[in-house]
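First up is the structure itself, then whatever we jot down about it.
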Amino acid sequence: MQQIWIKKYFPTKKEELFGNSESYESVKEFVQNYSKKSKPLFIYGGVGNGKTSAVYSVANELGYELVELNASDSRSSSSISELLSGVLNQGSLFGASKLILIDELDGLSGTKDRGAVPLIAKSIVSSKYPVVLVSQDAYEDKLKPLRKISELVEFLPLSSEEIYSLLKNICVSENVSFEEDALQQIARISGGDARAAVNDLQSVASLGKISKESVSFIGERNTTKKIENALTRIFKTTDISVALPAFDDVNEDLDQIFLWVEENLPKEYLDPEHLVFAFDNVSLADVFRGRIRRWQYYRFYVYCYNLMTAGIALAKDKKYSSKIKYSPTSRLLKIWIYNNANAKKKSIAQKVASKTHTSQKSAFSSVVPFLQVIFKNDKVLSDKFSKEFDLVEEEINWLKTK
C-alpha cells in the first residue's frame, strides 16, 4: 500500500523545512537557552505552515527527546492533569534532554473542556523541561491563560514559491513527471498550506503525469483565508521579497483588495508616522487605479500592486508583534446603514425638489430639516405641506418623529 506523502515527507530536519526561518531560529534559541525561570513558548499560525515540524526539527538538531501531547486527545481536566504530571516530572527514557510539545490546543472547546486550559497553564509554569505550545490562533479567548504566561512566536503562511520548491523536491524523489505551470498552480491553490499542497500533489500524481489538465479539478481554497494570509505577509514584514508576491495567490479583484487594506491597515500600523507613509502609498496606488479606469492603461496594474505590497511593507521600520484579526471592510455596511436610515429623508427631498425647482441636495440639507420643525410644532402648516408635496403617511410620521 502506498505511503501517504504528508507522513513520508514530514520534515524532521532543518534542511527539509521551507520558509519561516526566523521563527525556526526563535524556537531553537528558546530550547537552547531554557531554564526553569523561562516562560513556555507558544507558537501559532495557519494550517500547514511548519509549526509542528519545526519543533521536531529543533529536537532532532539539538539531540533532544521529543515528547508530544495532543491537547484534543485528552480533553478532561483529570486526564490532562494525569498526563502532564507524568511528562513534566519524569526524566528522559534515553538519558537525553527532553522537549515537550503540546499540540492542537485549538481542539479544546472552552466550554465542554472548561478548566483544561488553566490547568495546563498552571502545570507548565516553571517546568523542568522546555515546553512548546502549538495552536492556529493564540489569540482565541479560551487560550488567554496560556498566552499570558508564554512567549509568542508566529509562523507566517508559506509563499507559493516555497511550496513549489517543496512539491518539486517530492516529484523528483518520487520520479513523477510534471509540468512547471501545473506544479505552480497547485502551489498557488494551496493558500499557504503545505500539507494541503502535498495532499493535492499525491492525488494528481495518482492519475499520471502532473499537467495543467490534471490539476484543473482541484478547487480554490477559502478566498477569505487567502487574503488574510496576504495581509499578514505584507503587514508583518519589512522584506520586499516577502511582500511583493503576497497577492499573487489571492483570487480577489483590485477593488476588493483596496477595501481589505483600508479596513485593516489602521489596526496593524499603530505608529502614526508608519500609518501616514503606508496610506500615502495606498493613495498613490489609487491614482494609478483611476488612470486604468479612465484610459485603460492596464500596464499600471503593476504599480498598483507594488505600492499595495512593498510600499505598505516598507512604510514601517519595525515589525509589529501584536496579533490582529483581519476582517472584511465595514465601509459598504456603513453605507447601507446610512442609506437605509436616510431613505425617507431622500424620498421627501426628491418631492420637495420637484415642487420647488431646486436641487435635491439643497432640499435634503436645508428644506427637510425645516419641515421637521414645522411638522413637530404646527399641525395646520403640516397639513398644508403634506398636501403640497404629496407626502405619504410614512413620510409624515418620519418628519414628526425624527
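The values are calculated or read from the model by the stated rules, or taken from the named source; none is laboratory data. Values in this document were obtained by computation on a predicted structure and should not be read as measured data. All Cβ positions, glycine included, derive from the backbone under ideal geometry; neighbour counts span all protein chains shown.
Side notes on the structure shown:
- Unique residue being exposed (fewer than 15 other Cβ atoms within 10 Å of the Cβ), at pLDDT below 85 and not polar (S, T, N, Q) when the list is Lys344, Lys402: Lys402
- Restricting attention to the range 121-139, the residues that are part of a loop (DSSP other than H, G, I, E, B) and over 20 Å from Gly192 (Cβ atoms) total 6.
- Where a residue in the range 25-46 is closer than 15 Å to Ser123 by Cα and its partner, wherever it lies, is among the aromatic types (Phe, Trp, Tyr), with Cβ under 8 Å and at least six apart: Ser38/Phe30; Leu41/Phe30
- Residue in the range 179-202 that is surrounded by fewer than 19 Cβ atoms within 10 Å (Cβ to Cβ), assigned to a loop (DSSP other than H, G, I, E, B) and not assigned by TED's automatic domain parsing to the domain that holds Lys39 present: yes
- Residue match in the range 250-268 (condition: outside any helix (DSSP H, G or I), in contact (Cβ under 8 Å) with a residue 40 or more places away in the chain and surrounded by 15 or more Cβ atoms within 10 Å (Cβ to Cβ)): no
- Pairs with Cβ under 6 Å, 6+ apart, first in the range 287-310 and assigned by TED's automatic domain parsing to the domain that holds Pro245 and farther than 21 Å from Val242 by Cα, second in a helix (DSSP H, G or I) and among the β-branched types (Val, Ile, Thr): Phe300/Ile292
- Residue check for Asp113: in a helix (DSSP H, G or I), of a type in the set (Asp, Glu) and modelled with pLDDT under 85: no
- Annotation note: of Lys236, Lys226, the sole residue that is buried (at least 16 other Cβ atoms within 10 Å of the Cβ), at pLDDT below 85 and either under 18 Å from Gly45 (Cβ atoms) or touching a His at 6+ places or on another chain (Cβ under 6 Å) (or both) is Lys226.
- On inspection, Phe370 fails the criterion of being part of a helix (DSSP H, G or I), of a type outside the set (Val, Ile, Thr) and in contact with a helix residue (DSSP H, G or I) (Cβ under 9 Å, 6 or more places away or on another chain).
- Unmet criterion (only one of (1) crowded, with 20+ Cβ neighbours inside 10 Å; (2) at pLDDT 90 or above; (3) aliphatic (A, V, I, L, M)) for Leu62: (1)
- Within the range 126-155, the set of residues being aliphatic (A, V, I, L, M) and either at pLDDT 90 or above or not assigned by TED's automatic domain parsing to the domain that holds Val31 (or both) comprises Val131, Val132, Leu133, Val134, Leu146, Ile149, Leu152, Val153.
- Test: residue in the range 20-36 that is modelled with pLDDT of 90 or more, over 24 Å from Arg147 (Cβ atoms), surrounded by 15 or more Cβ atoms within 10 Å (Cβ to Cβ) and of a type in the set (D, E, K, R): no
- Residue satisfying all of: in the range 373-390; outside any helix (DSSP H, G or I) and among the charged types (D, E, K, R); nearest to Thr401 (Cα to Cα) among these: Asp378
- For Ala285, the requirement of being surrounded by 12 or more Cβ atoms within 10 Å (Cβ to Cβ), under 24 Å from the mean Cα position of the chain (by Cα) and within 22 Å of Ser330 (Cβ to Cβ) is met.
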